[in-house]
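Data block below; observations after.
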Amino acid sequence: MGMRRSDLRRGQAPAVPRKQALSMATPPSNPPVARAALPILVLTLVWGCNWPIMKMGVTELAPLTFRELTLPFAALGLLAASRFSGDSVRVPRALWPRLCVLALFNIAGWNALVLFGVQQMPAGRSAILAYTMPIWATMIATLFLHEPLSRRKLLGLAFGIAGMAVLIGEHIALVRAAPFGALMILAAAVLWAFGTVLLRKWMLPIPQNALTGWMMLLGWVPLAVTAPFFDSQPLASELASLSHRGWFAIAYNIFLAGTLAHWAWFTLARTLPVAISSLSSLPVPVVGVISGIVLLGERPGVQEWIALALVVAALFTVLFQPSERHVTVAPLAPDD
């Protein structure tokens, strides 16, 4: 159809059919699950299996020494990946203060406290306490980001809490037997939750791999400084006596739990609302419990399977939106 001359004289845009206008106003976008499926799968398997593997590592090395050996190599790997993919690793001067705060909450505080906690408690139960994080993150996001708590989010949160309750069940006695370890892990969960909210609130315009690499490198600094105060043995002698299991734990935490899983987590944290991204981490403790059982030669019990069903229900509730109400996922960063 051609434009009417009267429209041209008035400077008006040509008429567009209503159906075409609607399609232009609402471009098609993938639902959250389509873009979150791969990061969630990576996160679930890699971080879930890492709980008993971390237990192996901190059994042979002091907690801060173990993390001191793994974080910088994982960070440099992510920065190298960012560089090789053509992204800039430069951070504008004005963003450094916020980047340091993010590193303090998401990396330094989380890793220090959770490693001291897992040294005191069984790996699977430690994972359960650590992944109370979605509860704290959802509450903090409601207060500071004013994210609406829809019925779907509340229902998903309820399913997730029920799953954690089923897993911890009769093992609450283990928490009472190791109160220091439990407090360390709960404090780590709160710090991680606050860091997740800040990450979403600030949305630093830095490519994903570069942001994650810098956070890990900055978070490593206070751990490296304080590690000698908690480990009196010379590092060289500890490494010389390290078993194959210890070296495997170090390698796993550099290449998989450090590099790959951190990419997956911060991808979710930057692209999804806090309630959804935090709930997407809920399968991790289920895998943590099951992998711990497998390493001990036992079989998963009824509790583990019920918890898994509740966690899957939580994920389905918050990630699968009705087709007419797809949520548009924000880009990772302006130059990604």
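Bear in mind these aren't lab numbers, they're just calculated from the coordinates by the rules spelled out. What you see is a predicted model; the values in this text were computed from it and never measured. Counting neighbours? That spans all protein chains shown, and the Cβs are built from the backbone with ideal geometry, glycine included.
For segment 135-244, a Kirkwood radius taken over Cα pairs fed into Stokes-Einstein (37 °C, viscosity 0.692 mPa s) yields D = 183 µm²/s. In terms of surrounding Cβ atoms within a 10 Å radius of their Cβ, 42, 311 rank from fewest to most as 42, 311.
Multiplying the residue separation of residue 229 and residue 158 by 0.36 nm and removing their Cα-Cα distance gives an extension gain of 21.4 nm. The alpha carbons of segment 54-180 occupy a box of 50, 45, 25 Å along the principal axes, longest dimension given first. Annotation: amide H-H contacts under 5 Å for residue 282 (H modelled 1.01 Å from N, sequence separation of 5 or more, or interchain): none.
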